[in-house]
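Working notes, beginning with the structure itself.
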Amino acid sequence: MLRIAIPILVFGALFAASCSSDLPQSSLNPRSVEAGRIDQLWSLVLWISVAVFVVVETALVYAIVRFRKRPGDEDEPKQVHGNTRLEIAWTIVPALILAFVAVPTMVTLSELRSPAEGDFLRVEVIGHQWWWEFRYPDIIDSEGRPLTTANEMHIPAGMTTELQMTSVDVIHSFWVPSLSGKRDVVPGRETYLKITPDADVAGQMIPGQCAEYCGLAHADMRFRVYVDSDDTFDTWTAAQLEPSPIPSSDPAAAGYETFTQLCTTCHQANVVGPGGSSEVIGAALGPDLTHFGSRSTIGAGIEENTAEHLAEWIADPASVKPMTPELNDIGAGRILGMPDYGLDERQIAELVSLLEGWK
Amino acid sequence: MTASNEDLGYTPSTKGLWSWITTIDHKRIGILYAVSSLVFFIVGGLEALLIRTQLATPNGTVLSADAYNQLFTMHGLTMVFAVIMPIAAAFQNYFIPLMIGARDVAFPRLNAFAYWLFLFSVLLLTSSFFLGGSPDGAWVGYAPLSTQIQEYVRMDYYSIGAQLLGFASLAGSINFVATIFTMRAPGMTLMRMPVFVWMTVVSSFLLIFSLPVIGVGLWQIFIDRNLGGLFYEAQAAGDPLLWQHLFWIFGHPEVYVLILPAFGIVSEILPVFSRKPLFGYSFVVFSGIAIGFLGFGVWAHHMFTAGMGPVAEAGFGLATMLIAIPTGVKIFNWIGTMWGGRLTFSAPMLFTIGFIAMFLIGGISGVTHAVVPANTQQHDSYYVVAHFHYVLFGGAVFGYVAGAYYWFPKWTGRMMSETIGKWNFWIMFIGFNLTFAPQHILGLDGMPRRTYRYADGMGWDVWNLMSTVGAFLIALSFLFFIYNLIASYRNGKVAGNDPWDGRTLEWSTTSPPPVHNFDEIPVVHHLDDFWYRKYGVDEEGRSVKLTAEQAGKPDVVVEEHGIHMPSPSFYPIVASAGIATLGAGLVFISSGPIGFGVLGVGAVVTLWGVVGWAAEPATREAH
């Protein structure tokens, strides 16, 4: 009985789970056209699988019960060597079932893999160990620089976004189960993924994370997708395109001094002084920090972005998220973590004041 | 005619360490494989328990990310290369010659060489825990992650360790193919071979054709890491995806290498405990061969998210669906074997039924992977982890444990305890399902594999905790198993030659069999020849026990020149130790003098082993 009960319980639980709303990262909780199509196909396959499972396991259990040796049962069974007709039948039936599954599989595949059409937003996704860079090539500032952010992506609801993805180091995989199947992010190649969030999910945050093992902090390479209404999206892009101010009063001003001496080795920011024109400082090896204060997390989705968390991070990054900055080779572009610069508490507080002020 | 020791030409000692080191008896080598496999199963199992302990709760802090990554990589490598492959080799070594009526394998010294090279390679790989850190790039070793950090030797252990294990498997496979094709008893045509022998033919050919492919890839990884090869360096126009193709052209057939011998074992056990012949023998055999061929055409279903074109994806998806057909045929034929039988549920049969019930689940979830769009959600998630554990644990491990209970009496002359066997089965069955069934849900709910921690609030906590509890139940069930092995070896009920009323030739000789296996080589007239020496068939098609008179004397080969067995040799262990030492030198090649020093020692020892081997006569002069 257990043999039947366990799988039934499991499948029951599976469905219970699929109906729950507390599964932010579930493929069974689709919130886009693409994830919805995959989910439909999955449901079909699941039901066929359950049917096959029940039929075959029932036959097995029936055979166990019906043909068990009973006390006093000394007759030898009939020596049957096979039955060609029967065997041909149970070769053909699975083939037919599979053909039945293959058709919608191919249809859905070609739908999902076809290029985006009509009006769509383009976003470039760049995988780094262990964070995500997002660039919007068609959303540019007055200098022609594309909107660039890290670890959280905003996209409009009810419209297709086409992701054009590559990696600067090893293979990663972009996975937001509620929005789409995953797609690998491969150095030296471009891969594409399209996402059309349902109109009614505007305002939701949908989490995702790297799905291809990419080394030490693979588990901590998370990100968030914010699905915005058109208005919210426009407001967000406008704000992100603005340079951040070079502060004129302490503690942020002192923090800016430290920032230009240390942080810009790897991080970039688009800044503007009082009355001056904007300029981009630093190197684009780590996340762009121009609007760091506006982001919801630090460390690629692993902690909420608060002043305390940021202070802990700057004091000892590797204690928050595993990293090996001792293996960095900046000349070769190999960045495996943020070093601990041994800053004192005052310096840290100044940097926190600067970065949290850059909304 | 009874063989006396004199007939053997030379009587090998069977006592003491030296006799094990120099043995070339396929049965003793089989036992060496089995014991090694069990020891490494404990190692791999402890790795799994650490992994599950870390994942019992969100944001686990039992292990560091670095330790976790090494442990899950080593868990995979250990279980595939040091547990399942050798336990299959253990059964194959011990029983192939017995099942085909041969006195040994075709190349007894090569057989010993394969075992020792396997053992030393695993020891080299395991020594990484203490010397320089273990591989941490997953068992798939995807480039360019595996070539990225040359400061550590970790992935050098991977490329060299897997390479050497490949050599060992290749030697073993060639030996099995040669043995099965050339050394069968008279009358044993191919279609009279036990299914286990057939599945060994298929899995051996799979290894022979697939190992060279990954061998090339592993050298490329090694060259990229140590000699600036740039094969997989995207910035130098190398191609990271090439490695994935090479790996999976090996890696997918490898899955069948792990499972096909288990298919063979359950195909032997079911008829015995159903007291009926295997239903549709030729369907089972040909579906196994079909799986072997198709197994080479589905590798890219491991790469449905890698960015191939939709046509390639469709093709590999369809091929993958196709492979479900011969696999399904086997399951139906197994149930057909039980149908109408008179089933008894001794431990081997319990594990066999467990195998069918759970392999079915793994097979069905495998078909869902072929549905390419659904695959893009399942890939690299816990759903996949659940799937392949249903295949390789619910399937393969249950099959091999069934084999252990089935053949233990032949190995030792004693029965394993049925009572402990039943505890063993039920705890393992429940523990296994508790561990891996929830992982289907975890994967669909978005939990990626190979993650050392996960956030709370994802809805994953309960399933992970269940899974961890289940893992400890599995561990408990193996304590029962190991206790049963040891206690039964010491005090088990005496088995006799044929405790299960078996059908195949290994049951016709003594338990344990003599060095030369059979006093007289049988002449084979039927599939399940041994059964038909014991039973006839009446008009209704039922088996009827033959009287001694009816049975008469079995048909045997008359040997005029006595029995000649090859002599023990220590050159195989020397040659394999030399090659493993060469491997160790290569691992540390980047550290200069040490690496070259070890390499030099390895070269000298290898040369000694190979030359000594070549110069040694196969059979020592008897008189």
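Here are the numbers:
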item: Residue under evaluation B:F596, criteria (1) assigned to a helix (DSSP H, G or I); (2) surrounded by 15 or more Cβ atoms within 10 Å (Cβ to Cβ), criterion not met; result: (2)
item: Residue count, segment A:340-359 (criterion: in a loop (DSSP other than H, G, I, E, B) and among the small types (G, A, S)); result: 1
item: Residue count for segment B:238-274, restricted to those that are in contact with a Leu (Cβ under 8 Å, 6 or more places away or on another chain) and within 11 Å of chain A (Cβ to nearest Cβ); result: 5
item: A:V107 being at the interface with chain B (Cβ under 7 Å from one of its Cβ atoms), assigned to a helix (DSSP H, G or I), among the β-branched types (V, I, T) and over 28 Å from B:T344 (Cα atoms); result: no
item: Filter result (touching a Pro at 6+ places or on another chain (Cβ under 8 Å), small (G, A, S) and on the phi < 0 side of the Ramachandran plot) within segment B:436-469; result: B:A437, B:A455, B:S467
item: Criterion: part of a loop (DSSP other than H, G, I, E, B) and more than 8 Å from chain B (Cβ to nearest Cβ) - qualifying residue of A:G181, A:G144, A:G215; result: A:G144
item: Of the criteria (1) within 14 Å of chain A (Cβ to nearest Cβ); (2) surrounded by fewer than 24 Cβ atoms within 10 Å (Cβ to Cβ); (3) among the aromatic types (F, W, Y), which one B:F425 fails; result: (2)
item: Residue check for B:A396: in contact (Cβ under 8 Å) with a residue 40 or more places away in the chain, buried (at least 24 other Cβ atoms within 10 Å of the Cβ) and within 14 Å of chain A (Cβ to nearest Cβ); result: no
item: In segment B:307-326, the residues that are more than 7 Å from chain A (Cβ to nearest Cβ), in a helix (DSSP H, G or I) and farther than 17 Å from A:I88 by Cβ; result: B:V311, B:A312, B:G315, B:F316, B:A319, B:T320, B:I323
item: Any hit, segment B:532-540, residues being touching a Phe, Trp or Tyr at 6+ places or on another chain (Cβ under 8 Å), free of Cβ contacts under 8 Å to residues at least 60 places away in the same chain and either of a type in the set (A, V, I, L, M) or buried (at least 18 other Cβ atoms within 10 Å of the Cβ) (or both); result: no
item: Hits in segment B:298-315 - residues which are within 18 Å of B:L241 (Cα to Cα) and touching a residue at least 24 places away in the same chain (Cβ under 8 Å); result: B:V298, B:W299, B:A300, B:H301, B:H302, B:M303, B:F304, B:T305, B:A306, B:G307, B:E313
item: Segment A:230-256, residues that are exposed (fewer than 15 other Cβ atoms within 10 Å of the Cβ) and part of a helix (DSSP H, G or I); result: A:D230, A:D231, A:D234, A:T235, A:A238, A:A239, A:A253
item: Scope segment B:327-352; condition farther than 15 Å from B:F279 by Cβ and facing another protein chain (nearest Cβ under 8 Å); matching residues; result: B:T344, B:F345
item: Criterion: loosely packed, with under 15 Cβ neighbours inside 10 Å and either in a helix (DSSP H, G or I) or more than 14 Å from chain A (Cβ to nearest Cβ) (or both) - qualifying residue of B:A487, B:A471; result: B:A487
item: Residue in segment A:84-100 that is touching a Ser or Thr at 6+ places or on another chain (Cβ under 9 Å) and closer than 24 Å to B:I441 by Cβ present; result: no
item: Hey, B:F304 under 16 Å from B:A374 (Cα atoms) and within 10 Å of chain A (Cβ to nearest Cβ) or not; result: yes
item: Qualifying residues in segment B:121-161 (those that are buried (at least 24 other Cβ atoms within 10 Å of the Cβ), among the hydrophobic types (A, V, I, L, M, F, W, C) and closer than 20 Å to B:F41 by Cα) - the one farthest from the chain's Cα centre (by Cα); result: B:L125
item: Single condition A:D220 does not satisfy, out of (1) farther than 22 Å from A:S294 by Cα; (2) at the interface with another protein chain (Cβ under 8 Å from one of its Cβ atoms); (3) acidic (D, E); result: (1)
item: Complete set of residues in segment A:310-339 that are away from chain B (no Cβ under 14 Å), modelled with pLDDT of 95 or more and either in a helix (DSSP H, G or I) or within 29 Å of A:Q204 (Cα to Cα) (or both); result: A:L310, A:A311, A:E312, A:W313, A:I314, A:A315
item: Evaluation of B:F181 against (1) in contact (Cβ under 8 Å) with a residue 24 or more places away in the chain; (2) within 30 Å of B:V557 (Cβ to Cβ) (one fails), failing number; result: (1)
item: So B:S204, is it without any contact (Cβ under 8 Å) to a residue 40 or more places away in the chain and either of a type in the set (D, E) or farther than 21 Å from B:Q70 by Cα (or both); result: yes
item: Single unsatisfied condition, A:I126 versus (1) more than 7 Å from chain B (Cβ to nearest Cβ); (2) in a helix (DSSP H, G or I); (3) touching a Lys or Arg at 6+ places or on another chain (Cβ under 9 Å); result: (2)
item: B:V372 vs. criteria in contact with a Gly (Cβ under 8 Å, 6 or more places away or on another chain), among the β-branched types (V, I, T), in contact (Cβ under 8 Å) with a residue 40 or more places away in the chain and surrounded by fewer than 23 Cβ atoms within 10 Å (Cβ to Cβ); result: no
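Let's see how each residue does on (1) modelled with pLDDT of 95 or more; (2) in contact with a strand residue (DSSP E or B) (Cβ under 8 Å, 6 or more places away or on another chain); (3) closer than 30 Å to B:S543 by Cβ:
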| site | (1), (2), (3) |
| --- | --- |
| B:Y452 | yes, no, no |
| B:L465 | yes, no, no |
| B:G470 | yes, no, no |
| B:S477 | yes, no, no |
| B:Y483 | yes, no, no |
| B:A487 | yes, no, no |
| B:R503 | yes, no, yes |
| B:P522 | no, yes, yes |
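Here is a yes/no grid of residues against (1) of a type in the set (V, I, T); (2) more than 30 Å from B:Q148 (Cβ to Cβ); (3) touching a residue at least 24 places away in the same chain (Cβ under 8 Å):
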site	(1), (2), (3)
A:I140	yes, yes, yes
A:G144	no, yes, no
A:M153	no, no, yes
A:Q164	no, no, yes
A:G188	no, no, no
A:T196	yes, yes, yes
A:P207	no, no, yes
A:E212	no, no, yes
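Rundown of residues vs (1) closer than 25 Å to B:G459 by Cα; (2) of a type in the set (A, V, I, L, M, F, W, C); (3) buried (at least 19 other Cβ atoms within 10 Å of the Cβ), yes/no style:
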{"residue": "A:Y136", "(1), (2), (3)": "no, no, yes"}
{"residue": "A:L179", "(1), (2), (3)": "yes, yes, yes"}
{"residue": "A:Q204", "(1), (2), (3)": "yes, no, no"}
{"residue": "A:D220", "(1), (2), (3)": "yes, no, yes"}
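Table: residues versus (1) away from chain A (no Cβ under 13 Å); (2) within 30 Å of B:E520 (Cβ to Cβ); (3) in a helix (DSSP H, G or I).
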| residue | (1), (2), (3) |
| --- | --- |
| B:L125 | yes, no, yes |
| B:Q150 | no, no, no |
| B:L170 | yes, no, yes |
| B:I174 | yes, yes, yes |
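The values are calculated or read from the model by the stated rules, or taken from the named source; none is laboratory data. Everything quoted here is computed from the prediction, not taken from an experiment. Note that each Cβ is placed from the backbone with ideal geometry, even for glycine, and that neighbours are counted across all protein chains shown.
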